[in-house]
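Report on the following structure.
Computed from the coordinates by the stated procedures, all read-outs in this text should not be read as laboratory data. Small disclaimer: the values here were computed from a predicted structure and weren't measured. Here the Cβ is made from the backbone with ideal geometry for all residues, glycine too, and neighbour counts use every protein chain on show.
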Amino acid sequence: MEHEIIELDEIDSTNDELRRMAEKGAKHFTIVSAQKQTRGKGRHSRTWESPKGNLYLSILIKNSKFDVAYQLSFVAGLAVLDTIQTFIPVHEAKLKWPNDVLVNDKKIAGILLESSSSQSGIMDYLIIGFGINVKDSPDYATNMKALGFKQPFGNVKRHLIDKFEKYYTLWLDDGFGRIGELWLRNAAYLGEKIRVNLPEKEVEGIFRGLTPKGELILETKDGERLISSGEVFHGA
Ligand code: BT5
């Protein structure tokens, strides 16, 4: 796939920069990366710690199958997982629903999807932001260097883009089936007890899998429950 990569030293957030570019007509698959972010974002207005030395990269997706665009969060997760597994193969990396990547149960990467809809309610574009801790991380998290990574930084970036392209094409051609399967094969806590924080309360149960739409299937004592957004914690 043809793509333009804009590489910046410093920016507030690569997602925000790409949004500004999208509003000015940037093309499908434009990529922005930065060496550091001054206002890196997580989901729900949370902060993403973004010192120099890590990967901060956003990809613009236009004219796609937007009714199912949220599935790209799993596509993105697989690309990050592949990258981590390739460069630090000794450690087992896992995907935590909906879109964290963990090593030794600590977060090594996060993904942020943001979309924009026009007045007609049809989505114009989607921005997928990747944060991978390559050389640095908060104390409660982990990074690739701490786990033995020694290669040039550029290799990680190239690999991530290549793999995102690969899984994105698989998704375009075959839909969610295979993506969901691959995702589940590497899922953290599958078959185990988890708690999920929902906006109104916390629910508890066994993580049984994903629906064809990507919802989390939770087996609770009151029956099966499908969850489309929330925060997952391990254990009872
Ligand atoms: C995420 O949010 O995990 C999505 C992170 C996406 C970051 C990328 S970087 C490129 C692009 N531009 C942006 O501005 N963002 C994207 P969430 O699941 O809400 O997790 C946020 C939480 O993770 C925070 O509240 C912290 O607890 C923790 N956290 C913050 N910085 C971290 C880091 N560098 N490594 C691991 N955990 C971190």
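Okay, here's what the table says:
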| item | result |
| --- | --- |
| Test: residue in the stretch 215-231 that is under 22 Å from residue 178 (Cβ atoms) and free of Cβ contacts under 8 Å to residues at least 12 places away in the same chain | yes |
| Residue match in the stretch 87-104 (condition: outside any strand (DSSP E or B) and within 19 Å of residue 29 (Cβ to Cβ)) | no |
| Count of residues meeting criterion [within 13 Å of the ligand (Cβ to nearest atom) and part of a strand (DSSP E or B)] in the stretch 7-56 | 14 |
| Some residue of the stretch 114-124 being more than 27 Å from residue 30 (Cβ to Cβ) and more than 13 Å from the ligand (Cβ to nearest atom) | no |
| Flag for residue 69 being away from the ligand (no atom under 14 Å from the Cβ), in a loop (DSSP other than H, G, I, E, B) and small (Gly, Ala, Ser) | no |
| Cβ pairs under 6 Å, 6+ apart, first in the stretch 186-213 and closer than 12 Å to residue 232 by Cβ, second surrounded by fewer than 17 Cβ atoms within 10 Å (Cβ to Cβ) and of a type in the set (Phe, Trp, Tyr) | 195/233 |
